[in-house]
1. Round to the nearest 0.05 the FRET efficiency obtained for Asn376 and Ser194 when R0 = 25 Å and r is the Cβ-Cβ distance.
2. Mind giving me the nanometre distance, one decimal, between the label points for Arg174 and Ala270, set 7 Å out from Cα along Cα→Cβ?
3. Viscosity 1.567 mPa s, temperature 4 °C: give me the Stokes-Einstein translational D for the range 39-94 in µm²/s, with Rh taken as the Kirkwood radius over C-alpha pairs.
4. For the chain, with the dipole built from +1 on Lys and Arg beta-carbon atoms and -1 on Asp and Glu ones, taken about the Cα centre, which of Pro353, Ser281, Ile236 lies farthest toward the positive end?
5. For a Förster distance of 22 Å, can you work out the FRET efficiency between the beta-carbons of Asp280 and Ala43, rounded to the nearest 0.05?
6. Kirkwood hydrodynamic radius of the range 104-255 from all distinct Cα pairs, in Å?
7. Please count, across the range 234-330, the pairs of lysine residues with Cα atoms under 24 Å apart that sit 8 or more places apart or on different chains.
8. Would you work out the charge dipole size for the chain about its Cα centre, treating the Cβ of every Lys and Arg as +1 and the Cβ of every Asp and Glu as -1, and quote it to the nearest 20 debye?
Amino acid sequence: MARRWVAQNYLLPHADRILQRRIGNKLFQMREEASLPFMLRKANMTHSLFEQLSWAGREVPYYCELFKKANFKPEDVLSDIQAINSLPLLTKDIILEQGDRMLATITMETIRYSCKTGGSTGKKINVKYDIDAADWSSAVTLYARESIGGHLGAKELHFSSDFPEVPNFKDKFREDVKCFIHNRTNVHSKAFGSSDLLSVWTKIKNCKPYLVHGHPSTMYALAQALNEYGINAKNIIGVYESSGEHLSAKKRKVIKETFDCKVIDRYGLAEFGVVAYQIDSKIEDLLVFENIVYPETVDGELALTALKNKVMPLIRYCTGDRANVIEKANGYFLTELSGRVHDVVEIEGERIPTHYIQDVLDHRVGGIVEFQIVLNSTQKPPKLRICPTDLNALSSIEQKVKNYFPRGLEIEFVKQDQFIRIGDRNKFRYVVDASRTSL
């Protein structure tokens, strides 16, 4: 209780002032809005949608032109929200093609953050945020955890990638401040070997966190290792919060049984932040934060409209994930959610998750549009296929990759249309089997 009071009334307000943020204010607004009946929340969402559409139609070059072509009037959604259906869906191809025409011209100087999408549901794009939109994203995460009893100041443990180099002072300071406020411990990992996973478990056991947050593939691999060694992992963790990839029924079951904890799913993406959350561990449907996004299902695919980001407002954006949007008495919910599968690949005897490889390539190597790993049925090592942003940087990229993976990967540079896509929806996967596909 003391830690909670200090975190909410002292640490967060002071951190907001030091870092020039307004997360605490927006967390208060999230609580206020969530306390309203859904009928009022829905009316507020409709008005926010109208304001966002009006803003985009005035300030964003792409939408100024689109609205005129479609003869679309934002005020029409006030009488019938389905009027938005007259606008075409927004895809990543359109965003890449339009470039800066997707940005509000009068907010160019307010851009503070750029988030790169993971790429498992189409081409990678960079989404721009101003400080206000970023603060909303942080406040949503805090509120979501409050909804399952995870108050600010409760012990958290976060899985993150293990990089050998030391971060610069500014990045380390910001991360230390966040960890102090949230009472968070970061556990860095790279591989899914038994010794690696048992080391992670030792840190979790010493921390005894209320909440553990990370990819379900990591938590599932940890559960398998503990079960293999007959280690009792019950009564150490209060809640496991999944993110970053699809939480399958099989992984949910194994994690829940191994750790005897609540298993909570959430749905977030770089384009919007966290937008839906499982508020009841016994009901797997995810509540949509309708003050953050307007949700739709179009031909089985989830489409979202951002309600807070003024810098780069995404309207009817195709997420690439499958879900049904169900309206219940207490809100919109996502059901039958699927998509975003991460893989594991063996490199020089180590089982490496693709989200670690992605972190290395995106945040340490750079200059990469996309990558894919092709497995060979022969004794050849896996082939890392890279699409670079600059053809003049090939030698630099190759050297940086070899700094992290000196052996065990064959590197090949390709164009983006040379990547292998699989399945009935032509889905992208980070790891593909060359024996089952044609190059």
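1. Numbers: r = 26 Å, r/R0 = 1.02.
Efficiency, rounded to the nearest 0.05: 0.45.
2. 1.5 nm
3. 110 µm²/s
4. Sorting the options by dipole projection puts first Ile236.
5. That gives a FRET efficiency of 0.30.
6. Its Kirkwood hydrodynamic radius stands at 17.6 Å.
7. Eligible lysine pairs with Cα atoms under 24 Å apart amount to 17.
8. Roughly 840 debye, rounded to the nearest 20.
Coordinate-derived values only; no laboratory data. Worth saying up front: this structure is predicted, and the values here are computed from it rather than measured. For neighbour counting, all protein chains shown are included, and Cβ atoms are generated from backbone atoms with ideal geometry for every residue, glycine included.
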